[in-house]
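*Asks:* Dumping the structure here so I can ask a few things about it.
Laboratory data are not the source of any read-out in this text; all were calculated from the coordinates shown. Fair warning: this is a prediction, and the values are worked out from it, not measured in the lab. Note that we place each Cβ from the backbone using ideal geometry, even for glycine, and neighbour counts take in every protein chain shown.
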Amino acid sequence: MRKTIGIALALALAAAGYSFGQDAAAPDGMVRINGGTFSMGSPANEPEREDDEVQHQVTVGSFYLGKYEVTQKEYQEVMGTTPSGFKGDNLPVESVSWFDAVEYCNKRSQREGLTPAYTISGSGDNRTVTWNRNANGYRLPTEAEWEYACRAGTTTAYNTGASITDNTGWYSDRKTHPVGQKPANAWGLYDMHGNVFEWCWDWYGNYPSGAQTDPVGASSGSRRVRRGGSWSNTAQFARSALRINNDPYFRSINLGFRVLRPAP
């Protein structure tokens, strides 16, 4: 029955103009997300909605996004350490700051012969980060890219519909779980709802009122956005539109990230 529903959803999305699926050119472990236009944020009648989720039209370009949250094994291979509170190669890395995440992106890019996306200056909590948007290396998704990918063509509170269950996401739990254990969304992405929150590029700020193309968040700020809910939170925190923000040096056992690469 689940397979039948999945096929029907895929056909409906294709008919609506969305395209997705396996791309022979996609980097290993990543899925091509073809660009498009969607309503970012949540409708006024969505249960548990927050005031900062004002709906507005957003268009994003195509990109490759990690199928899974970055694992402890992947992080260890690049950074030489695993800061996570829960230990396991296939568990998502957590207890990483936003600065840790962008450092990982740069180091992984360098290991693979790609141009790093970020220039990092300073040290400790006083570091500044600038983004070279022409670079082909790994980076964090913008908040808009993250929500577009999470929704996978849906307009409901979750990419599973108006609600989520234990069969489709890790939440209200006691620990992290190996990545990819719950069904993927319609575009082949796992754990977009729950397991660990995921850092995004953006400074936190109010949404603009008008339509936007490839928005990158507020021009400045003091806190960065994280998305997707976690094992330690209730289901409402895993809604597609829910926004949480923290200082970029903040670390938590429910907070990790996934990586993006530009696509032609």
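*Asks:* Below 8 Å, C-alpha to C-alpha, sequence gap of six or more: please give me the relative contact order for segment 2-262 in percent.
*Replies:* Working: 588 pairs, mean separation 63.3, N = 261.
Computed value for segment 2-262: 24 percent relative contact order.
*Asks:* Tell me, what is the FRET efficiency for N126 and T37 to the nearest 0.05, using R0 = 30 angstrom and their Cβ-Cβ distance as r?
*Replies:* Values: r = 38 Å, r/R0 = 1.28.
That gives a FRET efficiency of 0.20.
*Asks:* Select from T119, G153, A263 the residue farthest towards the positive end of the dipole of the chain; place +1 on Cβ of Lys and Arg, -1 on Cβ of Asp and Glu, and compute about the Cα centre.
*Replies:* Result: A263.
*Asks:* Quick one: net charge of T234's neighbours, Cβ under 12 Å, K/R +1, D/E -1? Mind showing how you got there, number by number?
*Replies:* On the way: positive: R239; negative: E48, D173.
Around T234, the surrounding residues sum to -1.
*Asks:* Show me the helices of the chain, taken as full DSSP H stretches, that run 15 Å or more along their long axis by Cα and average 0.5 or above in Kyte-Doolittle hydropathy.
*Replies:* Working: long enough: 2-15 (20 Å, 1.42); 98-111 (20 Å, -1.33).
Span-like helices in the chain: 2-15.
*Asks:* Loop only per DSSP, at most 13 neighbouring Cβ atoms within 10 Å: give me the trypsin sites (Lys or Arg not before Pro) in segment 99-136, ordered by residue number. Please report the intermediate quantities before stating the final value.
*Replies:* Details: sites: K107, R108, R111, R127, R133; in loops: R127, R133.
The qualifying sites are R133.
*Asks:* Next question, about the same structure. Once you have the Kirkwood Rh of segment 2-262 from its Cα pairs, apply Stokes-Einstein at 10 °C and 1.306 mPa s and quote D in µm²/s.
*Replies:* On the way: Rh = 18.3 Å.
Translational D for this selection: 87 µm²/s.
*Asks:* Next question, about the same structure. With N set to the number of residues, divide the alpha-carbon radius of gyration of segment 123-264 by 2.2 N^0.38 Å and report two decimals.
*Replies:* 1.05
*Asks:* What is the sum of charges, Lys and Arg at +1 and Asp and Glu at -1, for the other residues whose Cβ falls under 15 Å from the Cβ of F86? All intermediate terms of the calculation are to be shown ahead of the outcome.
*Replies:* On the way: positive: K73, K87, R174, K175, R251; negative: E69, D89, E94, D173, D191.
Residues near F86 contribute 0 overall.
*Asks:* Measuring from label point to label point, each 7 Å out along Cα→Cβ, what is the Q55 to Y249 span in nm?
*Replies:* 4.1 nm
*Asks:* With θ set to phi - 60° and the Karplus curve 6.51 cos²θ - 1.76 cosθ + 1.60, what are the ³J(HN,Hα) couplings of segment 32-49 in order, to the nearest whole Hz, using x for Gly and Pro?
*Replies:* 6, 10, 6, x, x, 10, 8, 8, 8, x, 10, x, 4, 9, 6, x, 6, 5
*Asks:* If you don't mind, there's one more thing I want to ask. May I have the count of lysine pairs in the chain with C-alpha atoms under 15 Å apart, counting pairs 8 or more residues apart or located on different chains?
*Replies:* Numbers: K3/K182; K67/K182; K73/K87; K73/K107; K87/K175.
Close lysine pairs found across the chain: 5.
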